[in-house]
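Chemist: Could you have a look at this structure, given as structure tokens, before my questions?
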Amino acid sequence: MGTYTDKLEEVRELIEKLQKESPKQTAAFNQFMMSVEKPGALSSKEKDLINVALSISAQCEWCIALHVKGALTNGASRAEVIDAAMQAVLMHGGPALMYMIPVEKALDEFTGA
């Protein structure tokens, strides 16, 4: 299964591979992603917290790893990440609740808890 740090490495490796295999599409996606993730009406922290919830709803453990790490890096507390994640549970029900497991594991790994 691996750690959430491993998942971040898998994402990095995928992007690197796609940059060689589909450079135009990957560059366009990366440019779009960077423009959307820049602070605007919402801060980077707020955007990562929203993306934690969306990652749960999408049931994407790699996205959870990216956005939990991003939220923490941008100053979010453990409580803020959990609160954001619970919004997905509210909107998505029991299956989203089960994806709190990788959120908790990612938080523990990235905060050393």
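Where a number appears in this text, it was derived from the coordinates with a stated rule and is not lab data. For clarity, every value in this text was computed on a predicted model and none was experimentally measured. Neighbour counts run over all protein chains shown; Cβ positions are idealised from the backbone, glycine included.
Chemist: With respect to Leu49, is the statement that it is more than 13 Å from the chain's Cα centre (by Cα), under 28 Å from Ala113 (Cα atoms) and not charged (D, E, K, R) true? Write out each step before concluding.
Modeler: Values: more than 13 Å from the chain's Cα centre (by Cα): no; under 28 Å from Ala113 (Cα atoms): yes; not charged (D, E, K, R): yes.
Against the criterion (more than 13 Å from the chain's Cα centre (by Cα), under 28 Å from Ala113 (Cα atoms) and not charged (D, E, K, R)), Leu49 does not qualify.
Chemist: Please find, within region 93-103, the residue that is surrounded by the fewest Cβ atoms within 10 Å (Cβ to Cβ) out of those that are touching a residue at least 12 places away in the same chain (Cβ under 8 Å) and part of a helix (DSSP H, G or I).
Modeler: To start, the set of residues in region 93-103 that are touching a residue at least 12 places away in the same chain (Cβ under 8 Å) comprises 95-96, 99-100, 102-103.
So of that shortlist, the ones also part of a helix (DSSP H, G or I) come out as 95-96, 100, 102-103.
Numbers: Pro95: 12, Ala96: 20, Met100: 16, Pro102: 23, Val103: 26.
Taking the candidates together, the pick is Pro95.
Chemist: Additional query: Somewhere in region 73-89, is a residue among the basic types (Lys, Arg) and over 9 Å from the mean Cα position of the chain (by Cα)? Talk me through it step by step, then tell me what you get.
Modeler: Keep residues of region 73-89 that are among the basic types (Lys, Arg), which gives 78.
Then drop every residue that is not over 9 Å from the mean Cα position of the chain (by Cα), which leaves 78.
Taking every residue of region 73-89 in turn, at least one turns out to be among the basic types (Lys, Arg) and over 9 Å from the mean Cα position of the chain (by Cα).
Chemist: For Gly75, only one of the following conditions fails: (1) part of a helix (DSSP H, G or I); (2) on the phi > 0 side of the Ramachandran plot. What is its number?
Modeler: It is condition (1) that Gly75 fails.
Chemist: While we're on this one: May I ask you to say which residue of Pro23, Pro39 is closer than 22 Å to Ala85 by Cβ and free of Cβ contacts under 8 Å to residues at least 24 places away in the same chain?
Modeler: Working: Pro23 fails: closer than 22 Å to Ala85 by Cβ.
Of Pro23, Pro39, the one residue that is closer than 22 Å to Ala85 by Cβ and free of Cβ contacts under 8 Å to residues at least 24 places away in the same chain is Pro39.
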